[in-house]
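Structure, as C-alpha cells:
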Amino acid sequence: MKQNEYIDYLLAKPCSEDSFPFGPEAHVFKVFNKMFALIGCRDGQLSLTLKASPDDVTFLTEEFASIERGYYMNKKHWITIAPSQEITASMIEAWIDNSYSLVISKLTKIERSQLNN
C-alpha cells in the first residue's frame, strides 16, 4: 500500500478525522478526539504507528523486524510499523482495524451510538 491508500483506509473509519497537531510531518488520525493512528516518516521511510494490546505489542515486535514499540509513544500500548516485504497490506489493514476497535471500545455510550449514524 502507498501512503495515500493508508490515509484513505484510515479516513474510511466511521467518525475518523485527521489533523497535524505535531507539525506537517506527523499525520494523526482520531475518532472522537482520541488518536488511533499516526503516519509519519522516519529516516526517509514511511512509518505507521498504531494502538495495540500489550500482548500484541510484545508478540509483533518479537515476530517482525520492521515493527518496533511505539516511536515517541507509550511503548506498552503502541507499535510503529515500517512497511516492508514481510508485512502485507492485509496485515496492516487488520492492525488498523484493531487499533480503531481498541480506541472505540473506550468511548462513551453516546459516542459509540454516533458511530452507527
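For Asp18 and Asp55, a Förster radius of 30 Å and the Cβ-Cβ distance give a FRET efficiency of 0.60, rounded to the nearest 0.05. Here the dipole of the chain is about 540 debye; that uses its Cα centre as origin and unit charges on the Cβ of Lys and Arg (positive) and Asp and Glu (negative). Each of Glu62 and Thr108 was given a label point 7 Å from its Cα along the Cα-to-Cβ line. The distance between the two points is 4.0 nm. Along its three principal directions, the equivalent ellipsoid of the stretch 3-112 from the Cα gyration tensor extends over semi-axes of 21, 16, 13 Å, largest first.
Karplus-based coupling profile of the stretch 41-50, in residue order and whole Hz: 10, 10, 6, x, 10, 4, 9, 10, 10, 9, with θ = phi - 60° in 6.51 cos²θ - 1.76 cosθ + 1.60 and x standing for Gly or Pro. Legend: distances between Cα atoms for Lys75/Lys109; Lys2/Lys76; Lys2/Lys106; Lys51/Lys106; Lys34/Lys106; Lys13/Lys76; pairs beyond 20 Å are Lys75/Lys109; Lys2/Lys76; Lys2/Lys106; Lys13/Lys76.
We did not get these values from a lab; they are worked out from the coordinates using the rules stated. What you see is a predicted model, and the numbers here were worked out from it, not measured in a lab. Note that each Cβ is placed from the backbone with ideal geometry, even for glycine, and that neighbours are counted across all protein chains shown.
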